[in-house]
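Right, one structure below, let's go through it.
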Amino acid sequence: MHQKRLGLWLLAALIGCSSAVWIGEEYWASINHDGQIRNGRTRNDFLEFDAIHNRQRISNAYVAFWITSDQRGHYEAFGHAWVEDDGRVCGRFIGRHKNIENICGGFRVLAKHERTGANPFRFVLARDANIPQAVTYRRRQIAKITSWQKNEAFFGGVSLNERTAGGIDYDLEVVEINKERDPYYYENFVQVLIKENEAPVEPEPVRRPEKPDEHYYHSDHISVRLRDDVYDFSYEPQRHEQENQNQRYLHRPKEEFHEMSESEKRRMKYNAQLREEKARREREQAERIAQYNERLRQRDEAIKAQKYHVQLLREHEAAAQRQFAETGHW
């Protein structure tokens, strides 16, 4: 029932975007709340684009769409999804209050056409994007955000009307871009997903089940190559840029950012608190492991001491028995 209501709400969101491109259920793979893929879809259905982590292209990165509801109503966000080693599909999204939502299941992943396997999508630079071509839900579009050094690229959301973009990077940092504040970065490092014209869908009798080891390769698969005009792998950041990874999304000198807005300060404090909390949990876990290992060592020493004491008693007993056999008294 929950999935049905979610589907109806998604349909209503689609209808509300008549001035832009909207896509139906045939291009989405639904993920259960336990992280498993629904309705016969597989991981091979997920569309792959050029995501980057540590200057390496990664295939385990997908466009995700999350809908939830709270006291203020429905909330939707585009984000970044991946598949865990245990097969669960997880994703991270920017929440309503600019918080980090890291969940496994309960969202959708952009997939090839359910019947034809078509992939009519590609990313274009924000400066070249326009709303009639962009895939849109409730005035929000799908974004791919690249770091200034071009060593990271991940998926998030963008608003072409408001000229803002945002997402969560691989270090769990909330990244927000505003064209008014940083027009060069917005136009050249933010990309928008568009849908190209495709041939009419012809009816297909039955969907053929895929073999477990079968992978789908489409002639227009965007992950086949990395465009040199977008990603320049010959660029090597300077040493001070490598040492200051937290500023990698800011292409202007750091001294120009001494005045920050209150929201930016709050976000930086929140991210710092998250890092401190993570470090504290890691320290506590290390302390518990050390205590456990110490108790194991003490137990082994006690067992060893007990065995030595037992061996000593047995030796004394054997000596007493030999004495009794020789002398007739203890």
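Coordinate-derived values only; no laboratory data. All of these numbers come straight from a predicted model, not from anything done at the bench. Note that each Cβ is placed from the backbone with ideal geometry, even for glycine, and that neighbours are counted across all protein chains shown.
Kindly give the semi-axes, whole Å and largest first, of the ellipsoid equivalent to segment 130-193, taking each as the square root of 5 times a Cα gyration tensor eigenvalue.
They are 18, 13, 10 Å, listed largest first.
Roughly what would the spin-label model give for residue 172 and residue 295, points 7 Å off Cα along C-beta, in nm?
For the pair residue 172/residue 295, the computed spacing is 2.7 nm.
If neighbour count is taken as other Cβ atoms inside 10 Å, put 182, 34 in order from fewest to most.
Listed from fewest to most nearby Cβ atoms, that is 34, 182.
Would you mind computing Rg(Cα) / (2.2 N^0.38 Å) for segment 35-90, counting N as its residues?
Dividing the Cα Rg of segment 35-90 by 2.2 N^0.38 Å gives 1.34.
What number in nm² do you get for segment 17-161 if you take the convex hull of its Cα atoms and divide its surface by four?
9.6
Quote to one decimal, in nm, the extra length available between residue 98 and residue 58 on full extension: 0.36 nm per residue of separation minus the C-alpha distance between them. Write out the running numbers ahead of the final one.
On the way: separation 40, 0.36 × 40 = 14.40 nm, distance 2.63 nm.
Additional length available on full extension: 11.8 nm.
Could you calculate, for segment 261-330, the ratio of the Cα radius of gyration to the Kirkwood radius, expressed as Rg to Rh?
Rg divided by Rh gives 1.70.
Provide the gained length on full extension for the span residue 284 to residue 85, in nm with one decimal, where the gain is 0.36 nm per separating residue minus the Cα-Cα distance.
Gain on stretching residue 284 to residue 85: 69.1 nm.
What pairs in 98/144; 112/144; 150/195; 195/269; 98/150; 195/278 have C-alpha atoms more than 29 Å from each other?
195/269; 195/278
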